[in-house]
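The values are calculated or read from the model by the stated rules, or taken from the named source; none is laboratory data. This structure is a prediction, so every number in the text was calculated from the model and none was measured. Neighbour counts run over all protein chains shown; Cβ positions are idealised from the backbone, glycine included. What goes into the accessible areas is simple: the full protein's heavy atoms, side chains included, and nothing from ligands, DNA or RNA. Shrake-Rupley method; radii C 1.70, N 1.55, O 1.52, S 1.80 Å.
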Amino acid sequence: QVQVVESGGGLVQPGGSLILSCAASGRTAVNYAMGWFRQVPGKGRELVAAITWSGGPTYYADSVKGRFTISREIAKSTMYLQMNSLKPEDTAVYYCALHSSYDQLRRNLNNIWGQGTQVTVSS
């Protein structure tokens, strides 16, 4: 059984930075593709960034390209999302997701989810 725990959310001013972390545990967690989705009230989960089990290639939503960076430490089954130049529209609950298939992860098909962490960008 793979389990996922996110951390690092919080309140930040526009233009600020945050780092989200996602730690996966379980016998085969190291072989999973990992990604970050976000969700605001009344809308579905939006894929923000994804990374393969080997650490590359990566995917970014157009809205975060150039501002967010996804990375992972394979041996630790840990993933990070460095978020810079944050905007109020980045405010959402951010969820870590895992899937044995990188393509299915990106399509949000039967992902394994963490509990989510709130990111609020406001002055």
### Query
Restricting attention to region 91-101, and to residues there that are modelled with pLDDT of 95 or more and surrounded by fewer than 21 Cβ atoms within 10 Å (Cβ to Cβ), which single residue is nearest to residue 4 (Cα to Cα)?
93
### Query
Would you say residue 49 is part of a strand (DSSP E or B) and open to solvent by less than 30 Å² (accessible area, probe 1.4 Å)?
yes
### Query
Applying the selection to region 22-40, what residues are farther than 11 Å from residue 116 by Cα, loosely packed, with under 15 Cβ neighbours inside 10 Å and at pLDDT 95 or above?
40
### Query
Mind checking which pairs have a first residue in region 46-74 that is touching a residue at least 60 places away in the same chain (Cβ under 8 Å) and a second that is open to solvent by 60 Å² or more (accessible area, probe 1.4 Å) and in a helix (DSSP H, G or I), Cβ under 8 Å, 6 or more apart or different chains?
47/106
### Message
Please go through region 3-21 and give me each residue that is closer than 13 Å to residue 79 by Cβ and either in contact with a helix residue (DSSP H, G or I) (Cβ under 9 Å, 6 or more places away or on another chain) or open to solvent by 20 Å² or more (accessible area, probe 1.4 Å) (or both), ordered by number.
### Response
4, 5, 7, 8, 19, 21
## Note on the structure
Only one of 70, 112 is closer than 20 Å to residue 5 by Cα, touching a strand residue (DSSP E or B) at 6+ places or on another chain (Cβ under 7 Å), at pLDDT below 95 and not basic (Lys, Arg), namely 112
## Note on the structure
Residue count, region 107-119, condition surrounded by 15 or more Cβ atoms within 10 Å (Cβ to Cβ) and not small (Gly, Ala, Ser), comes to 5
## Note on the structure
The residue from 4, 64 that alone is at pLDDT below 95 and either part of a strand (DSSP E or B) or among the β-branched types (Val, Ile, Thr) (or both) is 4
